[in-house]
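Reading through the structure tokens given below for one structure.
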Amino acid sequence: MKTLDAPNHIGAQRIFILIAGLWVGSLLTVGYLVAPAIFSTMSDRQAAGMVAGSIFRLEAYLSVTVCIGLIVLANLLVKRGLYQFRIIRWLLLAMLFCSATAASIFIPWMNSLRDHALAQGMPVMLSPSATVFGRLHGASSILFLLQSILGIFLVWRLSKNEHPHQHQHQDQ
């Protein structure tokens, strides 16, 4: 089977870069513009937290989906000889870990604590679970910061002008 030349994959590379850029941009927008705007605009912190939590949940699900798609595309590009996408796969895997952890552990746990407190007629920050909720919020914020930094580095690496066959002789 004949391997196609790298220039034939320029469209796939551009689509990859476009999707990654839009996705990382959405992460940064949600985390560092939308969430602070919600809390500065709404006077009810419990309601603001619920709105922000809902947006972060959607962003986490979007991130898991986009990340998996980009990993599949990066694997295809590496198999086609674009070896500069090897490091990209590792960045995406780390970002997938962040998103999956948020979507499957932190967000559901925090929602459960909040719902339990509301069922008892109090905001979560006034409930017996306030300390646990605060720690989970702090840990999820650190995870989101890590994902943001990885995302910025991902886009930075993708913008690097590297010859497609520069690393051809290295192991995959």
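So the values come out like this:
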| read-out | value |
| --- | --- |
| Crossing angle, helix 45-79 versus the chain [Cα axis fit, 0-90 degrees, rounded to tens] | 20 degrees |
| Reduced Cα scattering model of the chain, Debye log10 I(q)/I(0), q = 0.08, 0.17, 0.21 Å⁻¹ | -0.33, -0.99, -1.34 |
| Compactness of region 52-145 - radius of gyration and Dmax, Cα, Å | 17.3, 59 |
| Given charges at beta-carbon only (K, R positive; D, E negative), |dipole| of region 32-172 in Debye | 300 debye |
| Highest-fluctuation residue, Leu96, Leu154, Leu22 considered, GNM on the chain with Cα pairs under 10 Å | Leu22 |
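Bear in mind these aren't lab numbers, they're just calculated from the coordinates by the rules spelled out. Because the structure is predicted, anything quoted here is derived from the model rather than measured. Don't worry about glycine lacking a Cβ; one is built from the backbone with ideal geometry, like all the others, and counts go over all protein chains shown.
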